[in-house]
1. Set the Förster distance to 35 Å, then compute FRET efficiency between I228 and R93 from the Cβ-Cβ distance, nearest 0.05.
2. Of the GluC sites (Glu not before Pro) in the stretch 123-231, which ones lie in a loop per DSSP and count no more than 11 other C-beta atoms within 10 Å?
3. Using a 7 Å offset from the Cα along the Cα-to-Cβ direction at both N114 and K128, what is the distance between the two label points in nm, to one decimal?
4. Treating each Cα of the chain as an identical point scatterer and ignoring solvent, apply the Debye formula and state log10 I(q)/I(0) at q = 0.11 Å⁻¹.
5. Counting only other residues whose beta carbon sits under 11 Å from that of S85, what net charge do I get with K and R as +1, D and E as -1?
6. Quick one: what are the phi-derived ³J(HN,Hα) couplings along the stretch 31-45, Karplus 6.51/-1.76/1.60 with θ = phi - 60°, whole Hz, x for glycine and proline?
7. Order these by the 10 Å Cβ neighbour count, fewest first: T49, T232.
8. What is the fewest-to-most order of F155, F92 by other Cβ atoms lying within 10 Å of their Cβ?
Amino acid sequence: MNELDFYEERKDWNFSKFEIEAESLTNWDLFKILNEVATKDSRILDLGTGGGEKVLKYFPECAEILGTDLSVEMIKTANQNLKISGRKNIEFRLMDNLKMDVPLDYFDIVVARNTVSDPSQIYKCLKKGGILLIHGVDMFDCHSLKLMFGRGQAFNDKKPISIIDYENVLNANFKDVELVPIYVREFFKSKYLFMEFLKSVPILDDFSEETGIFFKREIDKKIIDKYIEENTYDGKIKLLRRYYGITAKK
Ligand SMILES: C[S@@+](CC[C@H](N)C(=O)[O-])C[C@H]1O[C@@H](n2cnc3c(N)ncnc32)[C@H](O)[C@@H]1O
């Protein structure tokens, strides 16, 4: 299975079904910043929008929002979710983040959350003074779990993806570039919910944005049971997440 097949099969990024309790240890919040910098006149582009879940729930009401994704199934879901939401001034359509076909000097804000992006292409479509907001899964995310399995997303990467993104943003000529670590404790109420979550994300797969490798792997039940035994607190299974955020200005 390649990476795109994985997204086509998934069809959405609705995480509410896993009932995760998240406790943030840091205070960088993409949606909070987005809502602070946007005005009613803003034009916002959301790259790798998935099923539009985040746009429809957390993005502000404004002049125009375009959400794009490489996966046909994700865009189908996004359009279904849009209809149900009744929200206005939002469009979802197909686009490869690495072959962007949007107008130049057009958007006030571009968001790339947990998806691949090319800062030099983003730079071109932003207006002068426009803002770029990136959120990503960093090296060492769920590291103790990956150590037990001896594998996982970014497990063998030489350079953290956060640093690669940060350097790409700087090299694309952005100003006021800031890279911020984001640490979150996630708790799962049951082994069933934890397993369903792990099966639906590439955390334990051979997945590297650095090398472009994606290979779906089976989850060994004995190892997972050991992890659960060692990481259960008040009946809840803990997973330590490590993300990063980047803010930048054209
Ligand atoms: C982990 S999901 C994130 C979805 C959403 N941004 C969120 O934060 O919930 C990654 C999304 O990026 C999309 N994607 C991956 N590579 C892409 C590319 N080259 N161009 C556009 N979208 C891509 C996938 O189809 C998937 O929907």
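1. About 0.25, to the nearest 0.05.
2. Here the GluC sites (Glu not before Pro) that fit, given the DSSP loop and packing criteria, are E218.
3. Using points 7 Å along Cα→Cβ, the separation is 3.7 nm.
4. Summing over Cα pairs of the chain leads to -0.60.
5. Spelling it out: positives minus negatives among the neighbours equals +3.
6. 5, 5, 4, 4, 5, 6, 8, 6, 10, 5, 8, 5, 10, 10, 10
7. T232, T49
8. If I rank by nearby Cβ atoms, fewest first, I get F155, F92.
FYI, it's all coordinate maths here, none of it is from the lab. As the structure is a prediction and not an experimental result, all values here were calculated from the model. In this analysis, Cβ positions are derived from the backbone assuming ideal geometry, glycine residues included, and neighbour counts consider all displayed protein chains.
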